[in-house]
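What follows is one structure encoded as structure tokens, with my remarks underneath.
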Amino acid sequence: MDREHRAKQFMPFDALKGLREALAEKERILVPKKELSEEQKDDLNRRLRLIRKGDIVTVEYFQNEEYVKITGMVSRIQESSGVLEIVNTRISFDDIIDLQINNE
């Protein structure tokens, strides 16, 4: 038996295509979006006004029914549309739950 046919005998076989992806989706814990108090909103808005393009920030935000934390350089702040862009990730101000400026 040549090498190619022999190697095929030992290749993994996924009998149920998509099962692994379905199980990974089932394991994801979905959470409801938190509502911030007025004091928390004011504090978050104050911090949003302090950041500038090029700052390194850590942002925790709500996306697809879960909370995600990202650290990176601010590439754009669009106050008129309420969007913060970290590298290539666009985050709505309304979805942000926490913001830390790392170069303070």
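What to note about this one:
Conditions tested, residue by residue: (1) within 27 Å of E25 (Cα to Cα); (2) touching a residue at least 24 places away in the same chain (Cβ under 8 Å); (3) touching a Lys or Arg at 6+ places or on another chain (Cβ under 8 Å); (4) among the β-branched types (V, I, T).
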site	(1), (2), (3), (4)
R46	no, no, no, no
V87	yes, no, no, yes
D94	yes, no, no, no
I97	yes, yes, yes, yes
N102	no, yes, no, no
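- Residue in the stretch 42-54 that is exposed (fewer than 10 other Cβ atoms within 10 Å of the Cβ), modelled with pLDDT under 75 and either small (G, A, S) or under 30 Å from G82 (Cα atoms) (or both) present: no
- Residues considered: A24, A15. Of these, the only one that is exposed (fewer than 11 other Cβ atoms within 10 Å of the Cβ), modelled with pLDDT under 75, part of a helix (DSSP H, G or I) and aliphatic (A, V, I, L, M) is A24.
- Some residue of the stretch 63-73 being over 12 Å from the mean Cα position of the chain (by Cα), surrounded by 10 or more Cβ atoms within 10 Å (Cβ to Cβ) and without any contact (Cβ under 8 Å) to a residue 60 or more places away in the chain: yes
- Taking the criterion of being within 15 Å of K53 (Cβ to Cβ) and of a type outside the set (D, E, K, R), the residues of the stretch 81-98 that qualify are V83, L84, I86, V87, N88, T89, I91.
- Among the residues making up the stretch 74-89, those that are surrounded by fewer than 14 Cβ atoms within 10 Å (Cβ to Cβ) and of a type in the set (D, E, K, R) are R76, E79.
- Filter result for L99 (assigned to a helix (DSSP H, G or I), modelled with pLDDT of 75 or more and touching a strand residue (DSSP E or B) at 6+ places or on another chain (Cβ under 8 Å)): no
The values are calculated or read from the model by the stated rules, or taken from the named source; none is laboratory data. Not measured: the values here are computed from a predicted model. Backbone-built Cβ (ideal geometry, glycine too); neighbour counts: all protein chains shown.
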